[in-house]
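So the structure is just underneath, and the comments pick up after that.
What follows is calculated from the coordinates using simple rules that are stated; it is not laboratory data. Since we're looking at a predicted model, the values are computed, not measured. Glycine gets a Cβ as well: all are built from the backbone with ideal geometry, and neighbour counts include every protein chain shown.
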Amino acid sequence: MRQGRRTTTTPGEAAVIMGICFGFPIVSSLDAVASGFPSHPFSNSGLIWVVGLEVVLAFAAVVVLWLRGFAVSTLMPAPTLKGSAQGIGIFFAAWIVALILVLPFSDQPEQPYVHMIEDARVTVPVVVLMAMVNGAFEEVFLLGFLVRGLRGFGLSMPLGVMLLVRVLYHLYQGPVGMVWVLGIGLVFGLYFIRTNLLWPPVFAHVLWDIVPFLG
């Protein structure tokens, strides 16, 4: 089938693509919850495995969408200096919102994601590679495909589904980590709904994946 110009989707198609892209990460996160949140420090090999997995899953999802007549070229972020500057702004806005949301939980025990980062054995090039792939992978399919594709169903449905999927595959980070993810996803989603620009949230996500390791 030749690629069409469709940029909208249906709940059924959206469920299939979300299953392809995030089904395995969600199952893995649920398993982490069931196992009592075991914290496995990040490593170069682990991050490279994530990169390889996301490349394969993205390819599979794109092929399915292309065969179904979706305009997959519209999912590609367009990097610009202005968009990168906006991405930096989104990064800080998301940090502030997430911080406000987690303040009520400041008395909670130290979360798994803290140990995962503090005990990490990674190098900067691998972290940057992972951040670029992961940031693009998540925002392309959560914002560029899911939120934009379901825009015909109103504002709350695509935003709510996007946040649900995003939180589900970050369950392994612990309860407070999930609240952080919720705040970040909310800022990213509202920005994209308002502007329809994909590169700024992608760039902001890349920064979010790099900065914790630098700290």
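Could you tally the net charge around Thr7, taking each other residue with its Cβ under 13 Å from the Cβ of Thr7, Lys/Arg +1 and Asp/Glu -1?
So the environment of Thr7 carries a net charge of +4.
Roughly how many debye, to the nearest 20, is the charge dipole of segment 1-127 about its Cα centre, given +1 on each Lys and Arg Cβ, -1 on each Asp and Glu Cβ, and no other charges?
Computed charge dipole of segment 1-127: roughly 840 debye.
Name the residue farthest towards the positive end of the dipole of the chain from the options Phe141, Ile20, Gly152, assuming +1 on Cβ of Lys and Arg, -1 on Cβ of Asp and Glu, about the Cα centre.
About the Cα centre, the residue reaching furthest to the positive side is Gly152.
To the nearest 10 degrees, how steeply does helix 175-195 sit against the main Cα axis of the chain, on a 0 to 90 scale?
30
Translational diffusion coefficient of segment 124-215 at 10 °C, 1.306 mPa s, Stokes-Einstein with Kirkwood Rh over Cα pairs, in µm²/s as a whole number.
It comes out at roughly 118 µm²/s.
Counting other beta carbons within 10 Å of each residue's own, what order do Trp180, Trp66, Trp199 fall into, fewest first?
So the residues, fewest neighbours to most, are Trp66, Trp199, Trp180.
Given just the C-alpha atoms of segment 51-93, how large is their convex hull per residue in cubic angstrom?
Measuring per residue, one finds 101 Å³ for the Cα hull of segment 51-93.
Going by how many other beta carbons lie within 10 Å of each one, how would you line up His205, His115, His40, fewest first?
Ranking His205, His115, His40 by Cβ neighbours within 10 Å, fewest first, gives His40, His115, His205.
May I ask for the angle, rounded to the nearest 10°, between helix 199-214 and the longest principal axis of the chain, with both axes built from Cα atoms and the value confined to 0 to 90°?
Helix 199-214 sits at roughly 20 degrees to that axis.
Could you rank the peptides 133-145, 166-178 by their average count of other C-beta atoms within 10 Å per residue, with the highest value first?
133-145, 166-178
Among Gln111, Gly46, Ala204, whose Cα lies farthest out toward the positive end of the dipole of the chain, if unit charges sit on the beta carbon of Lys, Arg (+1) and Asp, Glu (-1)?
Ala204
In degrees, nearest 10, range 0 to 90: what is the angle between the Cα axis of helix 11-34 and the longest Cα principal axis of the chain?
Here the helix axis deviates by roughly 10 degrees.
Based solely on C-alpha atoms, express the radius of gyration and the Dmax of segment 11-214 in angstrom.
16.3, 50
Starting with the fewest neighbours, write out Phe91, Phe188 ranked by other beta-carbon atoms found within 10 Å of each beta-carbon.
Ordered from fewest to most neighbouring Cβ atoms within 10 Å, Phe91, Phe188 come out as Phe91, Phe188.
Once label points are set 7 Å from the Cα along Cα→Cβ at both Ser84 and Met157, what is their separation, rounded to one decimal in nm?
Going by the 7 Å Cα→Cβ label model, 3.8 nm.
Where nothing but the Cβ of Lys and Arg (+1) and of Asp and Glu (-1) is charged, how large is the charge dipole of segment 11-214 around its Cα centre, in debye to the nearest 20?
660
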